[in-house]
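Notes follow once the structure below has been shown.
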Amino acid sequence: MIFNPIDIDNWSRKPYFDHYLNNVRCTYSMTVNIDITCLLSVLKNKGIKLYPTLIHMITTVVNHHIEFRTCFDSEGRLGYWDSLSPSFTVFHDDDKTFSSIWTLYAKEFNDFYSRYLDDMKMYGSVNQFAAKANEPPNCFPISSIPWVSFTGFNLNVYNEGTYLLPIFTMGKYFEQNGKILLPLSGQFHHAVCDGYHVGVLFNELQLRAVTCKEWCK
């Protein structure tokens with residue numbers, strides 16, 4: 001993993017970054033229904049789990065764009081990671097708690113899926129908040145609320161408002177007009193990305209779901 005510092009004074013986004021970080025510190029959320037009709041059919045035929053597939057889809061699209069990999073490092077420098085890996089929640093049915101597990105990202109879906117299964121086998125039943133230790137700094141969070149469908153979801157993070165990486169939450173999929181839709185919410189920091197960038201991200205996610213036969217083999 002490589003962290004690439006940004007020369008803020010020569011950065012084209014500097015005025016937007018300064019405004020939304022220092023003048024009007026601002027995060028926002030957006031929820032979109034992703035059509036997973038084709039994706040769900042393919043996965044069921046192949047016996048592949050939906051949750052890790054969606055995690056890989058989200059991470060792949062996030063890694064396509066610097067805007068969603070931009071953050072402060074442990075030294076307070078602004079920059080972007082060459083690649084991010086997902087940190088995701090796992091629910092424990094016995095005591096109704098959850099754990100956070102991270103899996104090293106791989107561009108090829110089958111490679112990532114194997115790593116996910118290995119991590120779940122080793123850490124999936126560990127009832128601790130951080131079930132898998134030593135999470136690297138180039139991780140971003142993904143979680144799931146599979147018991148309810150929602151039209152909006154907003155995280156209220158009470159800190160200094162300098163967490164710049166995206167946060168994703170998916171809900172229960174449902175059928176509407178012959179399609180199977182999955183609500184997916186993203187929390188974003190306006191200092192590093194605008195509505196345009198988020199629109200591109202969600203459109204790419206939808207395209208990846210539609211073209212799943214090309215990469216889910």
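Hey, can you tell me all the residues within the range 175-217 that are open to solvent by 40 Å² or more (accessible area, probe 1.4 Å), within 14 Å of Ile34 (Cβ to Cβ) and in a helix (DSSP H, G or I)?
Asn203, Glu204, Gln206, Leu207, Arg208, Val210
Could you tell me which residue of the range 143-174 is surrounded by the fewest Cβ atoms within 10 Å (Cβ to Cβ), considering only residues that are assigned to a strand (DSSP E or B) and among the small types (Gly, Ala, Ser)?
Ser143
Do any helices (runs of 4 or more DSSP H) lying entirely in the range 1-118 carry at least 3 residues that are closer than 21 Å to Lys217 by Cβ and under 13 Å from the mean Cα position of the chain (by Cα), and which ones are they?
By residue number, 50-62.
Within the set of pairs 6 or more residues apart or between chains, which connect a residue that is in contact (Cβ under 8 Å) with a residue 24 or more places away in the chain inside the range 72-101 to a residue that is of a type in the set (D, E, K, R) with Cβ atoms less than 7 Å apart?
Gly79/Asp73; Tyr80/Arg69; Trp81/Arg69; Leu84/Arg69; Ser87/Glu135; Ile101/Asp119; Ile101/Lys132
The values are calculated or read from the model by the stated rules, or taken from the named source; none is laboratory data. Keep in mind the model is a prediction, meaning the values are calculated, not measured. Note that we place each Cβ from the backbone using ideal geometry, even for glycine, and neighbour counts take in every protein chain shown. Quick note on the areas: whole protein, heavy atoms, side chains included, nothing else; ligands and nucleic acids left out. Shrake-Rupley method; radii C 1.70, N 1.55, O 1.52, S 1.80 Å.
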